[in-house]
Amino acid sequence: MVIKGGIDRNAHNRSGMLWEVERILKERVELKLELPKFLLMENVSAILTSRHKANFEEWTGYLNDIGYTNHIYTLNASDFGIPQKRVRTYMISILTNHNKFKEDKIENYFNTHDLENPKYTSKIIKNYKNLKDDILKLNYNNIQYKIEADECQPNDTTSRREIYQKNDILYTNKKVNNIVVSTVTTKQDRHPNSGLIDYYSGNINKSNYRYLTPRECFLLMGFDEQDYQRIIDSNFQARKGEMFFTRDKLYKMAGNSIVVNVLEEIFKQLIYIDKNILQDEKVKKFSEIEEAFKIVTKMNNEAMRKVIFN
């Protein structure tokens, strides 16, 4: 029995949607439709391991064949102003149609604007958030924060006491432990999780701590608090006694998203490349000259062969 997973074809998971993108691109190529200028893939860094090497090389090879040049980053959210250890691999694919001049310009740009280089990111990232001032919502005089904290306080059970012993404590003795938290996943009521907050609600059946709330998880993904509040304000009853955006669904939304700050820096690079390399008139003119030179060279070679062999 062959167990499929990761980016295997027919893996029937979210990562397997990669091959749906391939299907769409193939259809556009067959119909001679315009291809996207940019593609962006995000996945766990395990995608670069030997387990997934064949699939990943098949994917990048196909993109190369249809005219894309690929650049791979492995980035940690903590280098982009977010206090979360979240390492993900990103592949930026840029449509150059095998234009060597553009490809060289793009490679040089990435070499000099390397988002994997902490020395470079430290120059461009000016706002570093921390748990105390930007993430944790500890003012329980705010009724909304109090309600959310109560909802994230687990029952006092043996397994929950073990969770408290095994995970980082982000707030205790009225002090915030300003650390970089572990990766935000789709669930906090588990081990490992992203950290715990000492919390006393007066309910003797509850643990003396709480998990991060969905609001705090969204903030750890780089969203503004106003963005999260819009979701809450737009929530509606899906069925009797249950809202559409349940707490579990909000955790999943946060855990499955991409850190906003990282995306912003990648998008800035794509905008620059589009404006200064792909659309730049000088680059276009040089590319046209380069293409004309190739044609002339080919014609000269053919003429020389005729002279030699005739």
Out of Asn70, Asn64, Asn97, I need the residue that is over 20 Å from Ile266 (Cα atoms) and touching a strand residue (DSSP E or B) at 6+ places or on another chain (Cβ under 8 Å). Which one? Asn64
Count of the range 145-158 residues which are surrounded by 12 or more Cβ atoms within 10 Å (Cβ to Cβ) and polar (S, T, N, Q): 1
Within the range 20-67, residues among the aromatic types (Phe, Trp, Tyr) and in a helix (DSSP H, G or I) come out as Phe56, Trp59, Tyr62
For Asn127, indicate whether it is polar (S, T, N, Q), assigned to a loop (DSSP other than H, G, I, E, B), surrounded by fewer than 16 Cβ atoms within 10 Å (Cβ to Cβ) and modelled with pLDDT under 95. yes
For the range 68-92, enumerate the residues that are touching a Lys or Arg at 6+ places or on another chain (Cβ under 6 Å) and assigned to a strand (DSSP E or B). none
Options Asp133, Asp104; residue that is under 30 Å from Tyr200 (Cβ atoms), modelled with pLDDT of 95 or more and out of contact with any helix residue (DSSP H, G or I) (no Cβ under 9 Å at 6 or more places or on another chain): Asp133
Which residue out of Val262, Val296, Val283 is among the hydrophobic types (A, V, I, L, M, F, W, C) and at pLDDT 95 or above? Val262
Just name the residue that is surrounded by the most Cβ atoms within 10 Å (Cβ to Cβ) out of those in the range 46-73 that are of a type in the set (Ser, Thr, Tyr), at pLDDT 95 or above and over 20 Å from Tyr128 (Cβ atoms). Tyr68
Lys85 vs. criteria farther than 21 Å from Val21 by Cβ, modelled with pLDDT of 95 or more and buried (at least 21 other Cβ atoms within 10 Å of the Cβ): no
The range 149-175 residues that are touching a residue at least 24 places away in the same chain (Cβ under 8 Å) and among the aliphatic types (A, V, I, L, M), paired with ones that are surrounded by 15 or more Cβ atoms within 10 Å (Cβ to Cβ) and in a helix (DSSP H, G or I) (beta carbon under 8 Å, 6 or more apart): Leu170/Leu131
Thr121 fails exactly one of the following numbered conditions: (1) within 30 Å of Asp189 (Cα to Cα); (2) outside any loop (DSSP other than H, G, I, E, B). What is the number of that condition? (1)
Boolean, Thr96 is in contact with a Gly (Cβ under 8 Å, 6 or more places away or on another chain), buried (at least 19 other Cβ atoms within 10 Å of the Cβ) and over 28 Å from Asn177 (Cβ atoms): yes
If a residue counts only when it is exposed (fewer than 15 other Cβ atoms within 10 Å of the Cβ) and β-branched (Val, Ile, Thr), which strands (runs of 3 or more DSSP E) contained entirely in the range 164-262 have at least 1 such residues? 169-172
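The values are calculated or read from the model by the stated rules, or taken from the named source; none is laboratory data. Note that the structure is a prediction, hence the values are computed from the model and not measured. All Cβ positions, even for glycine, are placed from backbone atoms using ideal geometry, and neighbour counts span all protein chains on display.
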